[in-house]
Amino acid sequence: MRSDLKKLTEAEWSVMECLWEHSPATGREITEKLEQKEGWNRSTTLTLLSRLEGKGAVTTGNEGGKKTFSPAVQREEAASRETEDFLSRVYKGSVSLMLSAMTQKKALSQNEIDELYAMLKELEGGA
């Protein structure tokens, strides 16, 4: 995972989600999609794209004489970084504390329990 990837704001996540679904895309295409989804104007979207480019999360290209934007990181990589930051900040790095807090508020389905069990067995080397 890239250690230089900076934390993304909620608004930046919205732009990245759009790019992960539709890229490469022009500023106009991204603006239209986010105007429909978020109600943002062109200026807001272009400012966010510029910020993301500065953070190294977005790259630019050129297709048919038009500037295009593409994600420079995969969704999984960004999600992993966010998860690590959250876990470290809120639960001092303890996965068990986080799971305990989460399961006290919401019961897990049998499917979720089975998935967690399978992951733990795999980590333990027993699967």
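The values are calculated or read from the model by the stated rules, or taken from the named source; none is laboratory data. Everything quoted here is computed from the prediction, not taken from an experiment. Neighbour counts run over all protein chains shown; Cβ positions are idealised from the backbone, glycine included. The accessibility values were calculated without ligands, DNA or RNA, using every heavy atom of the protein model including side chains. Shrake-Rupley method; radii C 1.70, N 1.55, O 1.52, S 1.80 Å.
If you check Glu82 against the conditions, is it open to solvent by 30 Å² or more (accessible area, probe 1.4 Å), more than 17 Å from the chain's Cα centre (by Cα), at pLDDT below 95 and not aliphatic (A, V, I, L, M)?
No, not satisfied.
Name the residue, out of Ser14, Ser96, Ser100, Ser23, that is assigned to a helix (DSSP H, G or I) and modelled with pLDDT of 90 or more. Explain how you work it out, then say what you get.
On the way: Ser96 fails: modelled with pLDDT of 90 or more; Ser100 fails: modelled with pLDDT of 90 or more; Ser23 fails: assigned to a helix (DSSP H, G or I).
When all the criteria are applied, what remains is Ser14.
Condition first: part of a helix (DSSP H, G or I), closer than 18 Å to His22 by Cα and open to solvent by less than 90 Å² (accessible area, probe 1.4 Å). Now tell me which residues in the range 47-78 satisfy that.
Within the range 47-78, the subset part of a helix (DSSP H, G or I) is 47-55, 75-78.
Adding the requirement that they be closer than 18 Å to His22 by Cα leaves 48-50, 52-53, 75-78.
Answer for the range 47-78, where residues must be part of a helix (DSSP H, G or I), closer than 18 Å to His22 by Cα and open to solvent by less than 90 Å² (accessible area, probe 1.4 Å): Leu48, Leu49, Ser50, Leu52, Glu53, Glu77, Ala78.
Within the group Thr31, Thr44, Thr103, which residue is surrounded by 16 or more Cβ atoms within 10 Å (Cβ to Cβ), out of contact with any helix residue (DSSP H, G or I) (no Cβ under 6 Å at 6 or more places or on another chain) and not aliphatic (A, V, I, L, M)?
On the way: Thr31 fails: out of contact with any helix residue (DSSP H, G or I) (no Cβ under 6 Å at 6 or more places or on another chain); Thr103 fails: surrounded by 16 or more Cβ atoms within 10 Å (Cβ to Cβ).
It is Thr44.
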